[in-house]
């Protein structure tokens, strides 16, 4: 109601609240990001790594290719198209720190940092906790299942409510940004001048399709859409690599990866020579960590739901290592040729709405590649929305793995209404308003996340058994 009654007051409130939240929780985000990766790797190499998420000997419900496609499409597929060129070029032109190696390597290193192990660590660790209680102990598909059968009802209700709010805000922001990129790509390809304010039409259409898709369940539309997404992504990646200097791209990939792994601790704690300015942390790292945390209950629960039959070690490799390496290859392929183009015209990739289309338009077969990218933005966005509808429906339907159609219709309409509100309030400042809301509402879930993981590890250590 505050949003519709006084958008100016909401923006002012969000801006002031964001500043306070960052001062209080920014360092917590950094420490938590490092901790989740270390804990997930530790669990994978421990004896628990051989345990299965389900009865002993049960085969995985989904094949490996479809499983990875589904978790990747849901986790960050649309975002990779949004930032493929704009983010590495920004770091290349405006290095966050001063180091003694090439700017291209530093730009990829920071891009890998923001899109690599840490976000997938958030998703994977929360997903593993939920998957254990869901598939091994037969609990509902809810974050509060980690409290055990004797957990207080008030705490369970708080955890589930915060998970719903966090998921709703994260997905609404992603839908708004995805619709902005769809409009930007359409304007660039067709030479139109569509206003960002009419993005509500795109949102209404996409949410309608996603609601119909979510009604058909995981094994049908969501699975097939995810497979289509990955096939199209590999085709687009192949087109870019085929027209790029492979030697230089490979060198940048390995250099960026090696620097990232060597300095992962310093990057994660903003320490030593990688101590970035406060403004950079607020605009990039804190924003990303808040965004990933906001998406963690949604993506983590979705990954848990589709991971029955996998061992813990397979789960960690599939949710942490494989998608991170794929993301690194993606950014290296797009970033390497974009660096050379940005040197001649530094501002051409500044707008996230059309950056990837401007880049592809200067490549061989640019028309086809741009049309393919625009189609992928739509299908990735559709996959994210219908997955979110499915997960939110599980949350509101008492954690049932197959929520009722009534709940799916309800959440499809709710996501559309909230996103239209965000577009109406944000307009051209959509990204700023989205980042403020995410940063503001991520801390409650961050605290719950830490408490749930700590409780799960304590229970496992006390019982000394998986079953």
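Separation of the range 274-300 and the range 222-255, taken as the distance between their Cα centroids, equals 25 angstrom. Size check on the chain: the Cα extents along the three principal axes, sorted descending, read 63, 49, 44 Å. Kindly provide log₁₀ I(q)/I(0) values, in the same order as q = 0.13, 0.17, 0.20 Å⁻¹, from the Debye equation applied to equal alpha-carbon scatterers of the range 53-205. Values, matching the q order: -0.90, -1.15, -1.27.
Taking the helices alone, the chain has a mean residue ellipticity at 222 nm of -25000 deg cm²/dmol, built from -39,500 (n - 2.57) per DSSP H run of at least 4 residues and averaged over all its residues. Each of the peptides 84-95, 12-23, 257-268 was scored by the mean count of other Cβ atoms within 10 Å over its residues; in descending order, highest first, they stand as 84-95, 257-268, 12-23.
Among 68-81, 365-378, the peptide with the highest mean count of other Cβ atoms within 10 Å heads the list, and the full ranking is 68-81, 365-378. Each Cα pair of the range 198-277 feeds into the Kirkwood radius, which the Stokes-Einstein equation turns, at 37 °C and 0.692 mPa s, into a diffusion coefficient of 193 µm²/s. In plain terms, the C-alpha convex hull of the range 295-407 casts an average shadow of 9.6 nm² when viewed from every direction.
Every number here is computed from the coordinates shown, using simple stated rules; none is lab data. Values in this document were obtained by computation on a predicted structure and should not be read as measured data. Every residue, glycine as well, gets a Cβ built from its backbone with ideal geometry; the counts of neighbours run over all protein chains shown.
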